[in-house]
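The values are calculated or read from the model by the stated rules, or taken from the named source; none is laboratory data. Remember, predicted model here, so these are calculated numbers, not experimental data. So basically every Cβ, Gly included, is an ideal-geometry build from the backbone, and we count neighbours across all protein chains shown.
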Amino acid sequence: MTTLIDAPPSDADALLPSKKKAAGGGLGQYILVRFLLIFPTILILVTMVFFLMRITGDPITAAMGGRLPPDQLQERIHAAGYDRPLLVQYFEYLGQLATGNFGTTLSDNRQVTEMLTTYGAATLELSINALIVALLVGIPLGMVAAHRRDHLPDAVLRILAILFYATPVFFAGMLLKLVFSVWLHWLPVAGRAGTRTELSLTALEAPTGIYWLDALRSGNMAAFSDVMSHAVLPALALGLLTAGIFLRLVRTNVIGTLGKDYVEAGRSRGVSEFRLVTKHAYKPALIPIITVMGLQIAVMLGGAVLTETTFEWKGLGFQLANYLTARDFVAVQGIVVLLAVIVAVTNFIVDIVAALIDPRVRY
Amino acid sequence: MSENLGSVSDRREQDRKTVLDINHLQVTFATDAGDVRAVKDVSLDIKAGEVLAIVGESGSGKTVTAKTILGLLPETASSSGAVLINGTNVISLSAARLRQIRGRDVAMVFQEPSTALNPVFTVGWQIAEGIRAHAARDGGGRVSAKEAKARAVEALRKVGIPDPEHRVNYYPHQFSGGQKQRVVIAAALALNPGLIVADEPTTALDVTVQAEILELLRDLRDKYGTSIVLITHNMGVVADLADRVVVMYQGDIVEEAPARKLFAEPRQDYTRRLLAAVPHLGRNSASEGLTQRPHQDEEVLVAADNLVIEYPGRLGTPAFKAVDGVSFTLSRGEVFGLVGESGSGKTTIGRAIAGLNRTTGGSLKVLGYEMLNLRERTFKPLRKDVGFVFQDPAASFNPQLTIGECIAEPMLIHTRPSDAQARKRVGELLESVQLPASYAGRYPHELSGGQRQRASLARALSLNPRLLIADEPTSALDVSVQAKVLELFKDIQEEFGFGCLFISHDLAVVDILSSWVGVLYKGKLVEQGIGSQVMGNPQHDYTRRLIASLPVPDPAEQAKRREEHRALLGI
Amino acid sequence: MTAETTLEPVANPRASFFRRLPVVSHFNKSVGLQRFMLVVGLVLTGIFLLTALAAPLLAPYGFAQLSDADGNFPTQQEPGGKHLLGTTVGGYDVLSRVIWGTQTALLVIIVAVILSIFAGVILGLVSGYIGGWLDRILVVVADAIYAFPSLLVAIVMAIVISGGQSSLLGGILAAAISITVVFIPQYFRVIRAETIRLKAEPFVESAKVVGASNVRIMTRHIYRNATRTLPLIFTLNASEAILTLAGLGFLGFGIEPSSAAEWGFDLNKALADTTSGIWWTGLFPGLAIVWTVLGLTLVGESINDLNDPRLRGRKRATRKAAASAAPAAAGPGTETESSNP
């Protein structure tokens, strides 16, 4: 799910012109190279997913085998073209992807791309909410832990971070539901909003699909508080898990930069410890932090699948789980490839942001 | 200038006040192996406008003493005694009061300018940080960003950064190494502290840059009356800058004396040995009295002809020419000294001869084998004839193998001796480098730096090579250890008679060993000749500058050389 | 500066074999909080291992048992009486399934981690040392998989291996291999990075200079130094394996309750119970997951800290310093001296 191992920087980092002193136009070149790297990444994943899922047979047999007589099954397989050579199918699939066609689901005959527009916003909303929780909790606490290193606050925070990490997101969600919804009746059990709110929000003109944003824009405060009350528990479940990882990440990297000569130099000029941690040590630490956070955003998508299932939050992950249960592997493949594209693009943006922070790249 | 230096400081000493007074300082570190007493009992003082040098080898406690002055010891350290700065005891001060003193009363200059500057902030911001930290606390109200920046510009101007109004917005990586050290000094000067603690301020710099930084520090003392505590292991630097010298050894002060007196008539045994071990340009030259290049009738081991070595540039940036059209020969029995500053390409040449780097143009013949388009399989049989000694003795042994296993490795690969033969040979080799044969069973981390470098030499000699490449073999060692290793090296070379390429940045060291010396500058071999002639009568401009900027461990002679250096640069 | 480039062996090679064992040597180095974390982690992990080994003795019923001599088990019964932790909606005994679940978890960890260590270490070593095109292709592939949510990779692999069906041993193997595919890139990256770092170390270059063959350099010089971090990756990945297994189970890719006990699957079934206030069916398998992951992570984190001199805590200095006549060498990092290369 998530990883605690400090990942060595990928090779893309080696392309950073930072090691060269003369970096004329270095940033533009870096962005271009990094952008071009998106495509092999996606291609590799698409290829792997395609071939792996076809090794075991065609999707129609998987979905309907046993429910249809063999001759009808053969007919449908032939009609869908699954009896042609694999390579032909592969290149046809690539061609479809290039035109933005991610396939049609078997079980309910919908375009996978349509799924993105229908459910993408829900997943995006959950991810944003969780990311806000993770950043608000993880970064300040990580700095506190680094500053009070090896003392009581650090000990408590570290054990808390490991506890967050060790609790599977669906178990955390279950516990939160049990306590706040079932026992205390403070918050709703599941879903993104009450029925009435949902209707009023979808009826809006040009909705963004992110409910709290729509509610705010329409000025409907009742709807807003309803949306927020639904959002709290999923955001906490997914956000705290990620916060544990962010906390550890910030702590490790800030401890690393706190030991550098330039922090000692700041100290020798009379700069306060608070400022040394929050400025002098934090900003240089931010470059590796952001890079790893980028990877964590991808990981959060995986967590979103589980969170959405736990809270019946109707996003891409929830749909994925449904199609898995229905054994509709065309839909599964489509969603997985779609997520691959999202991940690749997110990582690209994060890498650019990390590079922008580093003046050695900018100048 | 040179004449009145001593007398000026003598006169000053009487009427100037004491800015720093250390009394019976003790510092203890907690380590895995138990408590270590880094500073045992140190008492010293420094007057206004004085440069006090604290010299010593590694483990002497000089850096720890320096850090104590600013209260910068880590949590694992505990200290006792008194460190008085303008009458305030730093050791017993609260954290908040300590911050007030840092930067305002005492500032620090670090060894490595590239790590002492924060890479993600502009230099102006970093200098202003110190100014603002104090303004907010000293009740002077907040200093506006504009004012702080103006003062940062002023500080940069003081240390001779050209165009400071513009450069104040630069990031550290936009400065060269010497300029970075100037920025570090500017940051230290920002609040006009009366005392600067400079911890090895020139050790990370090339010798020509070192001369400029020393000049700058001298200026500060002369113009602003700043007192400087100079921590260094380099006796040449001491001779160049210090008024008074404290010699430390294993946490204690061995001797304290005015600089001229200390160099002229050292009282203590340790000081005498230390001074004797420092290589002195022009003394003990291996080529003393030679008029002709020796060993020219012997077999030519290495022949470079118009050699070019390029490192490919990344992504369209042009390739970097590390070595550019270098030609030389090296014969059996001869020691060829290759000198140059960082980035001159000296190490690249050494590595190319050993087949660790590829050559990209011209010709390089090693033992008759053309290294251009090297093929490992055909070169391998020749490898037993090439020995290599690396700079860092700590990193050049596999930590998982014993010294004996490491030394036997070349034999196991080439001659496949029996166990008993190998053990016998390892014992002989260890004895020839003056280590007990029993050390074969030890692991690398159980040896000291000098011992490891001897073992490294033994490994290089294990197959009796015709050619030996030594890449800065003594740079990581203390001077007293360096002197012994150099002596051993000289003896062994005479005994075994191999041809040797000796690479070093230190002219004096090269002069002791090599009869024939080549000077590299930006990838080009600007001058080569008999050692004593190159050192005594350099022809090329760069060589002249290089030699003039090397400080010699003798204050009187150094004062004279400094004048010549200034004349050369036209100051 | 020498102090920083020195390659410190994890443990003194001279010490006795026992004291050089990964966890033991780490324990001896640890102090204060770090020792506390290590000990807690070891205790939690130890109890997990013992439970897995002694499951047949500890569990009151079989993992798939629905009835005993007194007749069928009641469904969704509250904890107490014959069923200490209650029963599930399907009538399984919760305590028994929690206990048997340790065996499933342990099996998956062992298979997954061993497979991925072998593949990852060999690939990383070869790729990092040889370099060139092979290296570039492997890096791009590994990076692509690494950046992708590992749960999704595991889902795809689970579909490939078992077609989503779950059989007896096949279920465990499917889960283990899915997890393996997720982990290989991680081992690959770590070992490759370490290999590349070591390749530039003077001791490897000195082996090259004397003419050692590539195989000899890789096995004798790099392998032993590159794999020092493996105990750390092992423990952290073991905990990740459990989380991935539980995630797969929760999505219905686990092992059928009649084949083996699996906590994630039980949590999936317990999800609906929560809404009606039935807490025991979900709480206990969930706690079992937290317990195991917590234990392994604490061990891994402690090892990580102790391996990293920057993060390692040291004992405080004692005030009565004068009494101990210590050797003259200053503490590590207290003197920084080097000459300019």
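General remarks:
- Picking from residues in segment A:83-101 that are aliphatic (A, V, I, L, M) and free of Cβ contacts under 8 Å to residues at least 60 places away in the same chain, the one that is farthest from the other protein chains (Cβ to nearest Cβ) is A:88.
- The residues listed here are A:237, A:285, A:281, A:215; of these, the one that is touching a residue at least 24 places away in the same chain (Cβ under 8 Å) and more than 14 Å from chain B (Cβ to nearest Cβ) is A:237.
- Residue ID - farthest from residue B:210 (Cα to Cα), chosen from residues in segment B:496-520 that are assigned to a helix (DSSP H, G or I) and in contact (Cβ under 8 Å) with a residue 60 or more places away in the chain: B:513
- Restricting segment A:30-82 to residues that are basic (Lys, Arg) and surrounded by 15 or more Cβ atoms within 10 Å (Cβ to Cβ), the residue that is farthest from the other protein chains (Cβ to nearest Cβ) is A:76.
- Flag if residue C:35 is surrounded by 13 or more Cβ atoms within 10 Å (Cβ to Cβ), modelled with pLDDT under 75, basic (Lys, Arg) and not in a loop (DSSP other than H, G, I, E, B): no
- Check on residue A:8, within 13 Å of chain C (Cβ to nearest Cβ) and either assigned to a helix (DSSP H, G or I) or modelled with pLDDT of 75 or more (or both): no
- Residue in segment A:79-91 that is at pLDDT below 80 and part of a helix (DSSP H, G or I) present: yes
- Output for segment B:234-264, where each listed residue is of a type in the set (D, E, K, R) and either within 14 Å of residue B:280 (Cα to Cα) or not in a strand (DSSP E or B) (or both): B:240, B:243, B:260, B:261
- So residue B:416, is it among the charged types (D, E, K, R), buried (at least 19 other Cβ atoms within 10 Å of the Cβ) and either over 15 Å from residue B:392 (Cα atoms) or within 12 Å of chain C (Cβ to nearest Cβ) (or both): no
- So residue B:158, is it over 30 Å from residue A:356 (Cα atoms), among the charged types (D, E, K, R) and surrounded by fewer than 22 Cβ atoms within 10 Å (Cβ to Cβ): yes
- Restricting attention to segment A:323-360 and to residues that are outside any helix (DSSP H, G or I) and more than 14 Å from chain B (Cβ to nearest Cβ), the residue that is surrounded by the fewest Cβ atoms within 10 Å (Cβ to Cβ) turns out to be A:326.
- Of the residues making up segment B:524-551, just one is assigned to a loop (DSSP other than H, G, I, E, B) and surrounded by 23 or more Cβ atoms within 10 Å (Cβ to Cβ), namely B:551.
- Inspection of segment A:297-313 finds a residue satisfying the criterion of being outside any helix (DSSP H, G or I) and hydrophobic (A, V, I, L, M, F, W, C).
- If the condition is being among the β-branched types (Val, Ile, Thr) and in contact with a Leu (Cβ under 8 Å, 6 or more places away or on another chain), then segment A:114-129 contributes only A:123.
- Failed condition for residue B:487, given (1) crowded, with 20+ Cβ neighbours inside 10 Å; (2) within 21 Å of residue B:552 (Cβ to Cβ): (1)
- Flag for residue B:476 being crowded, with 23+ Cβ neighbours inside 10 Å, at the interface with another protein chain (Cβ under 8 Å from one of its Cβ atoms) and either under 20 Å from the mean Cα position of the chain (by Cα) or modelled with pLDDT of 85 or more (or both): yes
- Test: residue B:443 is away from every other protein chain (no Cβ under 12 Å), of a type in the set (Ser, Thr, Tyr), buried (at least 18 other Cβ atoms within 10 Å of the Cβ) and farther than 25 Å from residue B:342 by Cα: no
- Residue match in segment C:71-94 (condition: surrounded by fewer than 16 Cβ atoms within 10 Å (Cβ to Cβ) and of a type in the set (Ser, Thr, Tyr)): yes
- Annotation: of all residues in segment B:33-47 being surrounded by fewer than 21 Cβ atoms within 10 Å (Cβ to Cβ) and more than 7 Å from chain C (Cβ to nearest Cβ), the one that is modelled with the lowest pLDDT is B:33.
- Residue, farthest from residue C:304 (Cα to Cα), within segment A:243-253, restricted to residues that are modelled with pLDDT under 90 and among the β-branched types (Val, Ile, Thr): A:245
- Meets criteria (among the aliphatic types (A, V, I, L, M), modelled with pLDDT of 85 or more and surrounded by fewer than 21 Cβ atoms within 10 Å (Cβ to Cβ)) for residue B:52: no
- Subset of segment B:351-402 (residues that are more than 9 Å from chain C (Cβ to nearest Cβ), surrounded by fewer than 21 Cβ atoms within 10 Å (Cβ to Cβ) and β-branched (Val, Ile, Thr)): B:360, B:378
- Exactly one residue out of B:196, B:185 is in a strand (DSSP E or B) and crowded, with 22+ Cβ neighbours inside 10 Å: that is B:196.
- So residue C:331, is it facing another protein chain (nearest Cβ under 7 Å), farther than 20 Å from residue C:150 by Cβ and either modelled with pLDDT of 75 or more or assigned to a loop (DSSP other than H, G, I, E, B) (or both): yes
- Residue within segment A:252-261 that is touching a helix residue (DSSP H, G or I) at 6+ places or on another chain (Cβ under 6 Å), aliphatic (A, V, I, L, M) and surrounded by fewer than 24 Cβ atoms within 10 Å (Cβ to Cβ) present: yes
- Taking segment B:391-409 as the range and being part of a loop (DSSP other than H, G, I, E, B) and either without any contact (Cβ under 8 Å) to a residue 60 or more places away in the chain or among the acidic types (Asp, Glu) (or both) as the test, the residues that pass are B:392, B:395, B:397, B:398, B:399, B:400, B:401, B:402.
- Qualifying residue in segment A:176-196 (condition: surrounded by 18 or more Cβ atoms within 10 Å (Cβ to Cβ) and either closer than 21 Å to residue A:273 by Cα or away from chain C (no Cβ under 14 Å) (or both)): yes
- Matching residues, segment C:221-239, being in contact with a Leu (Cβ under 8 Å, 6 or more places away or on another chain) and either among the basic types (Lys, Arg) or in contact (Cβ under 8 Å) with a residue 40 or more places away in the chain (or both): C:222, C:223, C:225, C:226, C:235, C:236, C:238, C:239
- Within segment B:272-286, not a single residue is crowded, with 18+ Cβ neighbours inside 10 Å, among the basic types (Lys, Arg) and either at pLDDT 90 or above or within 28 Å of the chain's Cα centre (by Cα) (or both).
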